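Everything on this sheet refers to the single structure shown next.
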Amino acid sequence: MLILLPPSETKSDGGSGAPLDLDRLSLPSLLPLRRTLADALVRLSDDVDASITALGLGPTQVDEIERNARLF
């Protein structure tokens with residue numbers, strides 16, 4: 001399975017509310033799968049080393065793990 005994620009550089013901090021509201025995305029039939037994948041990403045964020053390996057992050061991208069932890 002190949003999962004394509006947007007580049008981390010396109011994320012920006014700030015704003016109000018949760019960073020991601022899965023219920024507002026198109027194609028609601030994908031909600032269960034999106035929820036499963038997003039929950040897995042948040043759980044993965046608890047382990048920095050595993051996140052770096054699984055997501056192929058470089059030294060300058062380690063801060064992205066914290067952003068992933070705050071996805072909801």
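The values are calculated or read from the model by the stated rules, or taken from the named source; none is laboratory data. Because the structure is predicted, anything quoted here is derived from the model rather than measured. Please note: Cβ atoms are built from the backbone with ideal geometry, for glycine as well, and neighbour counts cover all protein chains shown.
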> Failed condition for S8, given (1) modelled with pLDDT of 85 or more; (2) surrounded by 10 or more Cβ atoms within 10 Å (Cβ to Cβ), with all others met?
Replying inline: (1)
> If we only count helices (runs of 4 or more DSSP H) wholly inside the stretch 26-72, which ones have 3 or more residues that are touching a residue at least 24 places away in the same chain (Cβ under 8 Å) and closer than 26 Å to S16 by Cα?
Replying inline: 31-44, 63-69
